[in-house]
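So the structure is just underneath, and the comments pick up after that.
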Amino acid sequence: MKTEIVARQALIEPLKTRLQAGHRVIREQYLAERDAARLLHQRCRLIDEVLCELWHELAMPPSLALIAVGGYGRGELYPASDVDLLILLPEQADSLLTARLEQLVCLFWDIGLEIGHSVRTIEQCLEEAAGDITVQTAMIESRLLTGSARLFAGFSSMIKGSLDAGVFFQTKRVEQEDRHQRFSDTPYSLEANCKDGPGGLRDLQLILWIAQAAGYGKCWKDLQQRGFITDEEERVLESCEAFLRLLRTQLHLHAGRREDRLLFEHQTALAEQLGFAATATRRSSEQLMQQYYRTAKTVTQITAILLQNIGAALFPPPDEPPQPINERFQNVHEFLDVTDEEVFNARPAAILEAFLLLQEHAELKGMTARAQRALWRARQLIDDDFRRDPENRTRFLAIFKQEHRLLQVFRRMNQCGVLGRYLPGFGRIVGQMQHDLFHVYTVDQHILQVVRNLRRFAMAEFAHEYPFCSRLISDFGDPWILYIAALFHDIAKGRGGDHSELGAIDAQAFCAHHGVGDEDSELIIWLVRQHLLMSRVAQKQDLSDPAVVGDFARLVGDERHLIALYLLTVADIRGTSPKVWNTWKGQLLEQLFRATRRCLLSSDATLMTGGAIAQRQREAERLMRYFALPEAAHEALWERLDTVYFLRQSAEEIAWHARALHDRIDTDQPVVRARLNPLGEGLEVMVYTHDEADLFLRMVGFFSRAGYSIVDARIHTTLHGYALDTFMLLDVSGRDGDREMISYVEYELGDRLAHQAAPDEPANGRISRQVRHFPIQPLVSIQPLVSLEADETGKLFVLTVVAADRPGLLFVVARELARHGASLHTAKIATLGERVEDTFLISGGHLDESTNRVRLETDLLKQLQL
């Protein structure tokens, strides 16, 4: 037994050492030359030699065959990929051979290889391949390492003979669609998968698998020689494949494991290792990812053409004559085709005409592969002369005004490079990342998402999704104005400076060049310049303050500008990330819209504070009658409330408070009432109790522990020293049970306040990887506020906090305010993905002295940076 162990170690150690030394040499050579293809082939050759030597050392029967399959069979073995092997048997193994095979497989692992292996006869291979397309695909890429050449030849012949090229094609297409769906059908994920994602290596491999199954060849040169792709497309595909191969190789080496996702924690290091250097306006990681996105986009474009061509060869369409559309275009089996592949060279203006025809002819399902290829090649014809041509400018503007397929056409124009060539500013932001912690799309894809949202507002079939927006855009009358504004609103991202101002300059030039009327041009330019205004006001300012609404109304000017800005703002926020939009943001925007429209349509007298308060009180009294309250039930409470209270609360909330408190005005016990938010998701909570220095801190801690995030807080102190505070809460725990939480919040919070419980520390949570690897510098500012609310009780100040979101952030702010003796009046909590922009109205703490303001700012910054 001891002799066997010694002999085994004598066999293992030299091979293990040889593998390790070989891998070191290959890695060092790669790091010196960055030749990924060479590394992949050298790894295969090294492992080939070691496996063959081990096979012969064990004197395996010559009737067997050791076969490389999958990526290893293809001759491409990435640094962290498995070594896929098939041990092929002429017949079922007996117990003696089974024992030897088990020994062989154990030795594969012992020498340091991570293998994926199977032991099969040819019949078993055929049976397994028939029921599993993945197995069938792996066997297509088989390569004999050692053993019986005759057995391998029989295996290869049988596998190829069992292939049905048409079925294989269709199955692989379905497999690709399913795979793409897992990645939301977009290559533009911020953490893209360079192997399996759309436009990744797997899409290139799929083409070559189908080509092999159909007998069309094994490489891009073979497909070029058969006429499926052009010389230029062959070169482009080889270049794309080389970049993706290099990227995946470097990723494996950097991560030290099998990893195909371009995670945030890897992007900067990868970029620097591959030679990308940061600039004043762009991170190195952004440059790397932009090249990846553009590569993936090109792969998607050319492989779509290839699949269409191969599909036509495998499934020839019926022999029907094309239907002429005009002298340049025709309808071929309900697809737009060119009458001649040189049509765009002969008449470049036909480039935009092709997209316009797609919109005008509803019977067309898309473009033929020939038309797509001709367009892709013709994109280089779009130059300054093309852009200055009045005919082209007229056609491009007409695309915006068509009633059908606007988004489909813009996506197709972007895919084939036409949109970025016609609008160079757009071309610069194709594939550009946005590390602002709330956009999850590249800039170009975000812009197209915004256009999509606006288009859906205008389509009757989506009216149920956005009923208010649908009504507004129907009355607006010219949605094409909004589409142009959407196209330009972020077009200047990444240039440095204010992208809204720079984008407005681009929009102004576009409108002037394309003959847009003065009134429409002014609106488009204004929308681009002010596209962040409504979101900023709605989420950061007190919408119950008539002065806030009045100032906003003066900036907007008229109802048409207001409607346009509201529609663009909703579409913009909804187009950033599925996580950013919620009903609370929608409620704030709609509240600001309706208040501003009333302001614009009313006389100035109705906007005065006294008039607004009286109107709100009358409405509250009307609502209280529904609860059968005595006529004067509210008077004792209202006598203890100041003007500020009635400005901040809606009539419905004033009535709710009076109903709950009319007989408890001087109670010694805290009163806590909760209800479902009447205007959307989440809870609304009212707290009435003796005012205390750390009251807000204790409530923040409780809500955090209960799994709720505060999105709005209105803090009041009555004239007799009670706190009357109202909170809007959103569930962040994923519990989806707000109704069940009402009694819990009312009892537990009331009990903790009654017993003077210490503030609850917020539960520990995880900071997102995006925040960890692309942190933002916290900003804190405190500025005096001139407001209707400034009275003899003290001067008010606006505290603004901008930081990366993290568990317990609001608790940290509340704790510092309590420590400095500052009183909170309102809190507007704006969470944008992983970024928060919170605004607080505060007083006290001797903040009228600048040194105290600086001290509070400094202490808050220290806490936010921990």
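At the residue level, residue 221 shows approximately 90 square angstrom of accessible surface with a 1.4 angstrom probe and all protein chains present.
Projected label points at residue 666 and residue 719, each 7 Å from Cα along the beta carbon direction, are separated by 1.5 nanometres. A viscosity of 1.002 mPa s and a temperature of 20 °C, combined with the Kirkwood radius over Cα pairs in Stokes-Einstein, give a translational diffusion coefficient for region 386-496 of 143 µm²/s.
Using the Cβ-Cβ distance between residue 345 and residue 124 with R0 = 56 Å, the FRET efficiency computed as 1/(1 + (r/R0)^6) comes to roughly 0.50.
Against the compact-protein benchmark of 2.2 N^0.38 Å, the Cα-based radius of gyration of the chain scales to 1.18. Take the chain with all the other protein chains still there, run a 1.4 Å probe, and you get 43 Å² of accessible area per residue.
How long are the semi-axes of the ellipsoid equivalent to region 148-192, from square roots of 5 times the Cα gyration tensor eigenvalues, in whole Å, largest first?
35, 15, 5
Under the simplified labelling scheme, the residue 94-residue 265 pair shows an inter-label distance of 5.3 nm, with each label point 7 Å from Cα along Cα→Cβ. At full extension, residue 312 and residue 13 could sit 102.2 nm farther apart than now, given 0.36 nm per residue minus the alpha carbon distance.
Assuming a ≥ b ≥ c are the square roots of the Cα gyration tensor eigenvalues, decide whether region 365-426 counts as rounded (a/c under 1.5), prolate (otherwise, with a/b larger than b/c) or oblate. Each step should come with its number before you reach the end.
Details: a/c = 1.71, a/b = 1.11, b/c = 1.54.
Taking the square roots of the gyration eigenvalues as a ≥ b ≥ c, region 365-426 is oblate.
With N as its number of residues, region 539-584 has a Cα radius of gyration that, divided by 2.2 N^0.38 Å, comes to 1.33. Where does helix 231-255 land angle-wise versus the long Cα axis of the chain, in degrees 0 to 90, nearest 10? Approximately 70 degrees, to the nearest 10.
Taking the Cβ of residue 312 as the centre, find all other residues whose Cβ is under 15 Å away and add up their charges (Lys, Arg: +1; Asp, Glu: -1). So the surrounding residues net to +1. The spread of Cα positions in region 497-582, taken along each principal axis and listed from longest to shortest, comes to 42, 31, 25 Å.
Relative to the current alpha-carbon distance between residue 848 and residue 178, full extension at 0.36 nm per residue lengthens the span by 235.0 nm. Here is the size of region 648-704 from its Cα atoms: Rg then Dmax, 12.5, 33 Å. Averaging over all projection directions, the Cα-based convex hull of region 714-764 occupies 4.9 nm² in the image plane.
Here the Debye sum runs over all C-alpha atoms of region 662-762 as equal scatterers in vacuum, and log10 of I(q)/I(0) at q = 0.14, 0.17, 0.23, 0.25 Å⁻¹ comes out as -0.49, -0.73, -1.32, -1.52.
Spatially, region 110-159 and region 629-674 are offset by 79 Å when compared through their Cα centroids. Across all directions, the average flat footprint of the convex hull enclosing the Cα atoms of region 208-272 is 5.6 nm². Legend: distances between Cα atoms for 493/795; 160/297; 195/218; 16/160; 160/195; pairs beyond 29 Å are 493/795; 160/297; 16/160. Within the shell defined by Cβ-Cβ distances under 10 Å, the residues around residue 110 carry a net charge of +1, with Lys and Arg each +1 and Asp and Glu each -1.
Under Stokes-Einstein, with the Kirkwood radius over Cα pairs as Rh, the value for region 254-401 at 10 °C and 1.306 mPa s is 86 µm²/s. With both residues required to sit in region 218-376, DSSP beta bridges show an antiparallel share near 75%.
Computed from Cα positions, the angle between helix 738-754 and the longest principal axis of the chain comes to roughly 50 degrees. Using alpha-carbon pairs under 8 Å, 6+ residues apart, how would you state the relative contact order of region 643-772 in percent? Averaging sequence separation for qualifying contacts and normalising by length gives 27 percent for region 643-772. For residue 360 and residue 462, the FRET efficiency from 1/(1 + (r/R0)^6), where r spans their Cβ atoms and R0 equals 25 Å, is about 0.65.
Quick check on region 297-427: of the DSSP beta bridges with both residues there, what percent are antiparallel, nearest 5%?
Here the antiparallel bridges make up roughly 75 percent for region 297-427.
For region 354-423 versus region 200-249, the spacing of their alpha-carbon centroids is 27 Å. Charge tally around residue 563: other residues with Cβ under 13 Å, Lys/Arg +1 each, Asp/Glu -1 each, net -1.
Where only DSSP H runs of four or more residues are counted, the chain gives -17500 deg cm²/dmol as its mean residue ellipticity at 222 nm, each run worth -39500 (n - 2.57).
Specify the inter-centroid distance of region 497-556 and region 806-866, based on alpha-carbon positions, in whole Å. The distance from the Cα centre of region 497-556 to that of region 806-866 comes to 30 Å. Relative to the compact-globule estimate of 2.2 N^0.38 Å, the Cα radius of gyration of region 809-866 comes out at 1.13. Taken over region 55-110, the convex hull of the Cα atoms encloses 97 Å³ per residue. Taking only Cα atoms, what is the 0 to 90° angle, nearest 10, from helix 369-378's long axis to the longest principal axis of the chain? That works out to roughly 70 degrees.
Round to a whole number: what % of the accessible area of region 62-126 belongs to carbon and sulfur, probe 1.4 Å?
Details: 1350 of 2610 Å².
Reported share for carbon and sulfur atoms: 52 percent.
Restricting the GluC sites (Glu not before Pro) of region 346-395 to loop positions (DSSP other than H, G, I, E, B) with no more than 10 neighbouring Cβ atoms within 10 Å leaves 363. In sequence order, region 850-865 has phi-based couplings of 4, 4, 6, 5, 5, 5, 5, 4, 5, 5, 5, 4, 4, 5, 6, 8 Hz under the Karplus curve 6.51 cos²θ - 1.76 cosθ + 1.60, θ = phi - 60°, and Gly or Pro positions carry x. In region 32-125, the inverse of the mean reciprocal separation of distinct Cα atoms equals 14.1 Å; this is its Kirkwood hydrodynamic radius.
FRET efficiency for the pair residue 230 and residue 865, taken as 1/(1 + (r/R0)^6) with r the Cβ-Cβ distance and R0 = 35 Å, rounds to 0.05.
Write down, largest first, the equivalent ellipsoid semi-axes of region 276-358 in whole Å, where each equals the square root of 5 times an eigenvalue of the alpha-carbon gyration tensor.
The equivalent ellipsoid of region 276-358 has semi-axes of 37, 19, 9 Å.
Using a probe of 1.4 Å, the accessible surface attributed to residue 622 totals some 90 Å² when neighbouring protein chains are kept in position.
Take every DSSP beta bridge whose two residues both sit in region 1-137; close to 35 percent of them are antiparallel.
The values are calculated or read from the model by the stated rules, or taken from the named source; none is laboratory data. Just so it is clear, the model here is predicted, and its values are computed rather than measured. Every residue, glycine among them, receives a Cβ derived from its backbone with ideal geometry; neighbour counts consider all protein chains shown. Only protein heavy atoms, including side chains, enter the accessible area calculation; ligands, DNA and RNA are left aside. Shrake-Rupley method; radii C 1.70, N 1.55, O 1.52, S 1.80 Å.
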